[in-house]
1. Considering only region B:147-159, I want to know if a residue exists there that is among the small types (Gly, Ala, Ser), part of a loop (DSSP other than H, G, I, E, B) and under 30 Å from B:ASP26 (Cβ atoms).
2. Checking the condition modelled with pLDDT under 95, basic (Lys, Arg), more than 10 Å from ligand 1 (Cβ to nearest atom) and touching a Phe, Trp or Tyr at 6+ places or on another chain (Cβ under 9 Å), which residue from B:LYS25, B:LYS21 passes?
3. Evaluate region A:7-22: report whether one residue or more is outside the structural domain of A:ILE170 (by TED's automatic domain parsing) and over 19 Å from A:LEU136 (Cβ atoms).
4. When the residues of region B:233-251 are filtered to those that are surrounded by fewer than 16 Cβ atoms within 10 Å (Cβ to Cβ), closer than 27 Å to B:LEU53 by Cβ and not β-branched (Val, Ile, Thr), which remaining residue is farthest from ligand 2 (Cβ to nearest atom)?
5. When both residues are 6+ apart or on different chains and their Cβ atoms are under 8 Å apart, which pairs have a first residue that lies in region B:38-67 and is basic (Lys, Arg), and a second that is part of a loop (DSSP other than H, G, I, E, B)?
6. Need the failing condition index for A:ALA224 against (1) open to solvent by less than 40 Å² (accessible area, probe 1.4 Å); (2) more than 23 Å from A:THR134 (Cα to Cα); (3) small (Gly, Ala, Ser); (4) free of Cβ contacts under 8 Å to residues at least 24 places away in the same chain, just the number.
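The values are calculated or read from the model by the stated rules, or taken from the named source; none is laboratory data. Everything quoted here is computed from the prediction, not taken from an experiment. Counting neighbours? That spans all protein chains shown, and the Cβs are built from the backbone with ideal geometry, glycine included. Surface areas here come from the heavy atoms of the whole protein model, side chains and all, with no ligands, DNA or RNA. Shrake-Rupley method; radii C 1.70, N 1.55, O 1.52, S 1.80 Å.
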Amino acid sequence: MLKDITLGQYYPTNSVLHRLDPRLKLIVLFAIIVFIFISSNVFSLAFLILFIALFIIISKVPFKIYIRNIKSIVLIIALTTTLNAFYVDTGTVVLKFWNITITSGGIERAVFMTIRIILLILSSAMLTYTTTPTELTYAIESLLGPLKHLGLGNAVHTLAMMMTIALRFIPTLVEETEKIMNAQKSRGADLESGPLLKRIKSLLPILIPLLISSFRRAYDLAEAMECRCYSGGKGRQRMKQFKLGVRDYISIFIVILLIASILVINYLYSAGIIYLNVW
Amino acid sequence: MDNIIEVKNVSFEYDIESEKKPILKDFSVSFQRGSFTVILGRNGSGKSTLAKLLNGLNKPSSGKVFVDGMDTSLPEYEIEIKRRVGMVFQNPDNQLIATIVEEDVAFGPENLGFEPGEIRRRVDNALKAVDMYDYRRHAPHKLSGGQKQRVAIAGIIAMEPRCLVLDEPTAMLDPKGRQEVMQVIRRLNKEKNITIILITHYMDEAVNADRVIVMDGGKIVLDGPPKEVFSKPNIIKQSGLDLPQPTELIFQLKEAGFEFQDGIISVDECVNALKRALTQEV
Ligand SMILES: Nc1ncnc2c1ncn2[C@@H]1O[C@H](COP(=O)(O)OP(=O)(O)O)[C@@H](O)[C@H]1O
Ligand SMILES: [Mg+2]
């Protein structure tokens, strides 16, 4: 169960997306997220779907890897879909039983929300599949770079270093948690049943060993970093240098095109020039 | 004689709750450039404490440690000494800091501020030296223990050190991982002429060394070529250690009244000695 965490699971395929500047990818992801939420009509949403589908193909990451991500949040999707379907009561009544009515407006909203959540998951997964966590932290460090002029240079470096280390140790700690859980279970610990309070209490024998071993690790890691001549961000170089290249400029152009298209579609739709009526 | 590291009359103690716990007293030892030294000793005999003195991670409370003539207690040599004397620890998981192998190996050279091209060259060379080049884009947590430890070694080699101190690098590995790591260490010594100081619990890893040091209670109790050290079984056993298996076998046979020459430490020597003895009997 714990192994399903896909946070920061890089999937190397050497596609164009993998080789893009991580800063650019991060900004584009933010743009896409914004557009997912301002795409308020069928046309712009369809346009976005097309666009993200294209990206998925370009990324060369197998589609089933993306699906795995969606599976893990199927419950959340189902919940928001039903809630939306029940609570929105605009449009014509489509279905009515007892005192529950489902309207065309409700269905429309539910479908929209589902598609939005899925697009959101797909596009952020795409970023983590095509970008190593180190590149991501580099992107964040670089985008926060202007803060250095406010005398926050050290804080920015420290933040980036902390993120790198956290990402590196998540799988290690997950593995360790599983080991400790199994060890406690084999000693007869019951972790999965009983009232909530009891279950919370039964977590203590897991959390305490985990905490102690994390301190041990932190101490070891600090020594290992010192042995590798680490002394903060000053004078540090990067093996990977990112300079915006032709590839990146083309992507910027495409993204601007995307932004413009969605704005145009939204305008045309609200002006009633294009419309779709399924009801 | 050209020594890369000289430890001169060093004392060292840990402060525990304002109490001093002396570990080493008036301790002296030196390591010859290009040599392969194995340090043996039971748990708590002070091996790790000594190891950390060699690159300035521990600072002596009295006496001096010199690396290529540089005093480890002086702050101005701090980085240069750590670059020249690389250190590898027991648990590979706690030494790797990045999520991709090559990015981890780059950490040291990045800290030293080399140009990106130079960092790339060092990373590639280091990964090739430990046979992990094909894994350069992999995530460390998906590698085997032996592979992780080789990546950790590459991370040090990328700083191009002159000396490598390894503190029980094979203790957490399976036999295959141990073999891989030992092979890499021997090769670094032979081909790159890197001075090796290897702390270990495995006697068979000591057999091929140039020099074996046995420590007990913060003191050196034996020091010499392996043949010489292992021909003193009583002192070895008093120090809480085992003999290498071939030596132990010959030792037992001698106790039982058979005659064998001294200094049998490798399996081959043992086989030959037994063959000779058996053919003589018939
Ligand atoms: N950080 C520390 N603080 C206090 N005591 C320590 C510390 N590290 C080691 N010791 C003590 O120093 C002694 C020698 O330990 P160490 O050098 O780790 O031996 P070895 O590596 O041979 O097992 C042990 O008694 C140990 O308990
Ligand atoms: Mg030790």
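1. No: region B:147-159 contains no residue that is among the small types (Gly, Ala, Ser), part of a loop (DSSP other than H, G, I, E, B) and under 30 Å from B:ASP26 (Cβ atoms).
2. One residue alone meets the criteria, B:LYS25.
3. No, every residue in region A:7-22 fails to be outside the structural domain of A:ILE170 (by TED's automatic domain parsing) and over 19 Å from A:LEU136 (Cβ atoms).
4. Looking at residues that are surrounded by fewer than 16 Cβ atoms within 10 Å (Cβ to Cβ), closer than 27 Å to B:LEU53 by Cβ and not β-branched (Val, Ile, Thr), I get B:GLN238.
5. Short answer, once both residue conditions are applied: B:ARG42/B:SER239; B:ARG42/B:GLY240; B:ARG42/B:LEU241; B:LYS52/B:ASN58; B:LYS59/B:THR72; B:LYS59/B:SER73; B:LYS64/B:THR72; B:LYS64/B:SER73.
6. A:ALA224 satisfies every listed condition except (2).
A quick yes/no check of all residues on (1) of a type in the set (A, V, I, L, M); (2) within 16 Å of ligand 2 (Cβ to nearest atom); (3) more than 20 Å from A:PRO133 (Cα to Cα):
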{"site": "B:GLU80", "(1), (2), (3)": "no, no, yes"}
{"site": "B:GLY86", "(1), (2), (3)": "no, no, yes"}
{"site": "B:PHE89", "(1), (2), (3)": "no, yes, yes"}
{"site": "B:ALA98", "(1), (2), (3)": "yes, no, no"}
{"site": "B:VAL101", "(1), (2), (3)": "yes, no, no"}
{"site": "B:ASP104", "(1), (2), (3)": "no, no, no"}
{"site": "B:PHE107", "(1), (2), (3)": "no, no, no"}
{"site": "B:GLU110", "(1), (2), (3)": "no, no, no"}
{"site": "B:GLU115", "(1), (2), (3)": "no, no, yes"}
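Here's the yes/no breakdown for (1) away from chain B (no Cβ under 14 Å); (2) in contact with a Phe, Trp or Tyr (Cβ under 7 Å, 6 or more places away or on another chain):
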position	(1), (2)
A:THR13	no, no
A:PHE37	yes, no
A:ASN41	yes, yes
A:ILE52	yes, no
A:SER59	yes, yes
A:PRO62	yes, no
A:SER72	yes, no
A:THR82	yes, no
A:TYR87	yes, no
